Amino acid sequence: AQSVTQLDSQVPVFEEAPVELRCNYSSSVSVYLFWYVQYPNQGLQLLLKYLSGSTLVKGINGFEAEFNKSQTSFHLRKPSVHISDTAEYFCAVSDHRGSTLGRLYFGRGTQLTVWP
Amino acid sequence: DAGVIQSPRHEVTEMGQEVTLRCKPISGHNSLFWYRQTMMRGLELLIYFNNNVPIDDSGMPEDRFSAKMPNASFSTLKIQPSEPRDSAVYFCASSTQGHTEAFFGQGTRLTVV
């Protein structure tokens, strides 16, 4: 089974500051990696995903993440945050069988709070 | 497409009552997942179906929980009898073979008093 560790449960930052949300995973097989965002009282929305190829992945809302296989990490970054980025962010890993998505294993989440 | 549709959005019930949560996946998706989200345990996979067949139900907490997928466009998660510790947000998600992304519904917030 896979496991995902999000190293920070809460990250407070000021508006327009850069942010990094950290994620490490454990797996001995090829995986897909995801970041989801959850706004209050909403479902999860996909921010970005890594399947293969370039290790730098760009997503929606100006977020990007870098896959580092040697460190088994998939940290999420944004160079300048907005108040509207305040939400909970989940890192997830999926085992997969070819192109078929397997089950998702989620981290515990990181609450990003952006202050004016 | 309307996305994954869950009903009800909110459910408050008394301990001991039966609760049924419903999910309509995105049309054409053949995998369906039920997740539970709590403060204590985060997001947990309860069960997932592929082509209407349960593939992995190891996350179902106990016999009080059951899930069905009678056809490709509908699934239910039933709790009988419900207990206060079942209070959580339950999410349904769907995906399709070759589509490397799971789409989530808005969730059902269950409160058992």
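How much net charge surrounds B:PRO61 when only the other residues with a Cβ under 12 Å from the Cβ of B:PRO61 are counted, with Lys and Arg +1 and Asp and Glu -1?
Net local charge, B:PRO61 excluded: -2.
Please compute, for peptide A:65-74, the average count of beta-carbon atoms on other protein chains lying within 10 Å of each residue's beta-carbon.
Average neighbour count from other chains, rounded to a whole number: 0.
Need one number: the % of Cα-Cα pairs in the protein assembly as shown sitting beyond the 32 Å mark.
Percentage above 32 Å: 19.
What does the net charge come to around A:PRO18 if you take all other residues with beta carbon closer than 15 Å to its beta carbon, with K and R at +1 and D and E at -1?
Taking every Cβ under 15 Å from that of A:PRO18, the sum is -4.
Within 10 Å of each Cβ in B:34-46, how many Cβ atoms from other chains are there, averaged over the peptide?
Other-chain Cβ atoms within 10 Å of each residue's Cβ, averaged: 3.
Just add up the charged neighbours of B:GLN80: K/R +1, D/E -1, any other residue whose Cβ is under 14 Å from the Cβ of B:GLN80.
-4
Order the peptides B:72-80, A:102-110 from the highest to the lowest mean number of other Cβ atoms within 10 Å of their residues.
Those peptides, ordered most packed to least, come out A:102-110, B:72-80.
Mind ranking B:48-55, A:50-57 by how tightly packed they are, going by the mean number of other C-beta atoms within 10 angstrom, highest first?
Ranking, from highest mean packing down: B:48-55, A:50-57.
Kindly give Rg over Rh for chain B, based on alpha-carbon atoms, with the Kirkwood expression for the hydrodynamic radius.
0.95
Report the number of Lys pairs in the protein assembly as shown whose alpha-carbons are under 16 Å apart, with separation of 8 or more residues or on distinct chains.
Lysine pair count for the protein assembly as shown: 7.
FYI, it's all coordinate maths here, none of it is from the lab. Please read these numbers as outputs of a predicted model, since none were measured by experiment. For neighbour counting, all protein chains shown are included, and Cβ atoms are generated from backbone atoms with ideal geometry for every residue, glycine included.
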